[in-house]
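Here is the structure we will look at.
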Amino acid sequence: MNLVLAVAHTLGALARSMGLIGLFVLTLFDGSLLWLLPGINDILVISLVIAKHTLPWAVATVIVATAGSLLGATFLYKVGRRGGGELLRKRFPAALVGRIERWTRRLGAIPVGVAAILPPPCPYAPFVFSAGVMQVPLNRFQVSVALGRGLRYGLEATLALYLGRHLLNHLPEIYWDVLEPTLLLAVVGLAVWALLRLQFSRRKENFKIW
């Protein structure tokens, strides 16, 4: 995030010239294994909202950013599903991959949804890729990513509307102060959703047996 903040003012001007189309293209690479500057998309979202500073524009920015992130993550998910386990282990530390796989095996799409909310330096790409490798159902994966990224970008857009350029100068501190309670609520919500789906699946299996 420090590298991102160092070029924040330059990216503000770049964001205004690129517009929503440029934002969409950049967010397609959001979860890419080759994306070397995590957090750039967040700066672009904030800069675009600050540039126009209207609620309709902020909503449009969040929708476009979330859609791009979802499409990019879905592509990476499909690469992982088609046998990308070896690539995952080459690209990331074995200990990290092992933990993510255990979490994904136990919780399904929930870990990638939580990772989609967390800002850098928290890893995101290995969660996306692991979901494909572990064959998490595509519809659950997409819902989890859309909710996570939508919440993250929506939070950033809201902060940008209220705080303006002050947000860019103090992004890590402000983001985490607001994110911690929001993330707690999101995790609780995802856990409840997972439990409800598990109970529904068990009832459905029992119904088939009878």
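The values are calculated or read from the model by the stated rules, or taken from the named source; none is laboratory data. Everything quoted here is computed from the prediction, not taken from an experiment. Counting neighbours? That spans all protein chains shown, and the Cβs are built from the backbone with ideal geometry, glycine included.
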**Complete set of residues in segment 99-140 that are of a type outside the set (Ser, Thr, Tyr) and assigned to a loop (DSSP other than H, G, I, E, B)** = Gly108, Ala109, Leu118, Pro119, Pro120, Pro121, Cys122, Pro123, Met134, Gln135, Val136, Pro137
**Message:** Which pairs turn up if I take residues in segment 31-46 that are at positive phi and look for partners that are surrounded by 20 or more Cβ atoms within 10 Å (Cβ to Cβ) and modelled with pLDDT under 65 with beta carbon separation below 8 Å, at least 6 apart in sequence or on another chain?
**Reply:** Gly39/Val4
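Residue-wise test of (1) in a helix (DSSP H, G or I); (2) of a type in the set (Phe, Trp, Tyr); (3) out of contact with any Cys (no Cβ under 8 Å at 6 or more places or on another chain); (4) modelled with pLDDT of 85 or more.
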{"residue": "Leu11", "(1), (2), (3), (4)": "yes, no, yes, no"}
{"residue": "Asp30", "(1), (2), (3), (4)": "no, no, yes, no"}
{"residue": "Trp35", "(1), (2), (3), (4)": "no, yes, yes, no"}
{"residue": "Leu48", "(1), (2), (3), (4)": "yes, no, yes, yes"}
{"residue": "Trp57", "(1), (2), (3), (4)": "yes, yes, yes, yes"}
{"residue": "Ala73", "(1), (2), (3), (4)": "yes, no, yes, yes"}
{"residue": "Gly83", "(1), (2), (3), (4)": "no, no, yes, no"}
**Asked** What number of residues in segment 141-166 are outside any loop (DSSP other than H, G, I, E, B) and basic (Lys, Arg)?
**Response** 2
**Prompt:** How many of the residues in segment 92-120 are closer than 17 Å to Arg140 by Cβ and either crowded, with 19+ Cβ neighbours inside 10 Å or touching a residue at least 24 places away in the same chain (Cβ under 8 Å) (or both)?
**Reply:** 15
**Asked** Only one residue in Leu198, Leu168 is at pLDDT below 90 and more than 28 Å from Lys78 (Cβ to Cβ). Which one?
**Response** Leu168
**Message:** Regarding segment 168-188, can at least one residue be identified that is without any contact (Cβ under 8 Å) to a residue 12 or more places away in the chain, under 21 Å from Asp42 (Cβ atoms) and hydroxyl-bearing (Ser, Thr, Tyr)?
**Reply:** no
